[in-house]
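Chemist: Dropping the structure in here first, questions after.
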Amino acid sequence: MKLVFFRGTVPNFGDELNLHVWPALLPDGFLDGDESELFVGIGSIIGDHLPTKSRKFVVGSGYAGYMGLPDVHDGTWDIRFVRGPNTAKMLKIDPTLSICDSAILLRNMDLPPPDESVDIAFMPHYESLERGNWAEACRKAGMTLIDATDPVEKVLSQLRGARLLITEAMHGAIVADALRTPWIGAKPIYGGHHKKWLDWAGALNLDVQLNTLKPSSLLEFYIGTTGRGGALGKVGRFNKSPLATIPNRMLTDMAAQHLLSMARRPPQLSRDTMIEQVTERAQAAVDNFVRSRVAVA
């Protein structure tokens, strides 16, 4: 059975968690390179892009509309649980299969020690790291930048050590919430990333508050204004030109001030009883899946 997850041009914390979580929780040899069976784990990777002939086992994944909606009732899908109620509704499956994002299973693993130097941190979406000037904005705000493209162990250590996390990255919130680090959600500048937050929060009965995030560059201002993502050739090149230096500096200063104002807002955490209940359900679903596979073998 082959593990499948999204991999772009740079590593991304939420997706790279697959390589951290599943080898630790699944038996040795459970995952291999056999593409006739696919293990569909952490991330918004449910879609019609997956091979039609392969048997697909869904363990905590979500549907975010990045790809076409698949027919999960065609006999090739085995859904053990999904990220949230919106995914269950879109796929037209039993709503009880809406448990949570499977990154919650980090709660049952040995984790790196907390980085006590972090204090208040901001974690941008990995795309914003390239499009914006967030390292400089964080420096001016006196906050720690958590880089979603850094190694998973480093990011986990920082998330555990943070006194407060402001995050545009959904898996920053998911993991912070699972590890009981107070967090403040920042509405992603690119609108295509919004709905999946509500999917995850719905599984925890959490009224997630996504605060507006000020752009830190002209490119981010353009994306937030137009709703465009993807190829941003001419605008991207202008953003890096000398003509953009002064407006970019002004936007970065405003973004830093806005981060400071966000840090004064009430943070969020799901209820302790809910996170414990959902963790137990997710672990039980994984254990049952492993047992079913061992029985078949």
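The values are calculated or read from the model by the stated rules, or taken from the named source; none is laboratory data. Fair warning: this is a prediction, and the values are worked out from it, not measured in the lab. All Cβ positions, glycine included, derive from the backbone under ideal geometry; neighbour counts span all protein chains shown. With ligands, DNA and RNA removed, areas are computed over all heavy atoms of the protein, side chains included. Shrake-Rupley method; radii C 1.70, N 1.55, O 1.52, S 1.80 Å.
Chemist: Whenever you get a sec, compute what percent of the accessible area on segment 186-277 sits on carbon and sulfur atoms (1.4 Å probe).
Modeler: 58
Chemist: Which angle from 0 to 90°, rounded to the nearest 10, does the C-alpha axis of helix 245-262 make with the longest principal axis of the chain?
Modeler: Taking the Cα atoms of the chain, the angle to 245-262 is about 60 degrees.
Chemist: Could I ask something else about it? Find the accessible area per residue for segment 1-64; the probe is 1.4 Å, ligands and nucleic acids are left out, and the unit is Å².
Modeler: Result: 42 Å² per residue.
Chemist: While we're on this one: Run the 1.4 Å probe and let me know the accessible area of H194, rounded to the nearest 10 Å².
Modeler: Using a 1.4 Å probe on the heavy atoms, I get roughly 50 Å².
Chemist: Per residue, how many Å² of accessible area does segment 226-278 show with a 1.4 Å probe?
Modeler: 64
Chemist: Could you report segment 167-225's accessible area per residue, 1.4 Å probe, as an integer in Å²?
Modeler: Here the per-residue accessible area is 32 Å².
Chemist: I'd like the accessible area for M109: 1.4 Å probe, protein heavy atoms, all chains in place, Å² to the nearest 10.
Modeler: We get 30 Å² for M109.
Chemist: Counting alpha carbon pairs within less than 8 Å and at least 6 residues apart, what relative contact order, in whole percent, applies to segment 13-165?
Modeler: 20
Chemist: Here's a follow-up. So for segment 1-132, what percent of the C-alpha to C-alpha distances run longer than 23 Å?
Modeler: Tail of the P(r) past 23 Å holds 38 percent of the pairs.
Chemist: How large is the Rg to Rh ratio of segment 183-297 when both quantities use alpha carbon positions and Rh follows Kirkwood?
Modeler: Ratio of gyration radius to Kirkwood radius for segment 183-297: 1.18.
Chemist: Can you give the relative contact order of the chain as a percent, counting alpha carbon pairs under 8 Å and 6+ residues apart?
Modeler: 17
Chemist: Calculated FRET efficiency, T245 and T9, Cβ-Cβ r, R0 35 Å, to nearest 0.05?
Modeler: After rounding, the FRET efficiency stands at 0.85.
Chemist: In the chain, what is the count of Lys pairs whose alpha carbons are under 15 Å apart, counting only pairs at least 8 residues apart or on separate chains?
Modeler: Qualifying lysine pairs in the chain: 8.
Chemist: Here is a further query. Roughly how big is segment 12-53's charge dipole about its Cα centre, with Cβ charges of +1 (Lys, Arg) and -1 (Asp, Glu), in debye to the nearest 20?
Modeler: 120
Chemist: May I pose another question? Got a number for carbon plus sulfur as a percent of segment 1-151's accessible area, 1.4 Å probe?
Modeler: 50
Chemist: For the chain, what log10 I(q)/I(0) values come out of the Debye formula at q = 0.08, 0.13 1/Å, with one point per alpha carbon and no solvent?
Modeler: So the normalised log intensities work out to -0.35, -0.91.
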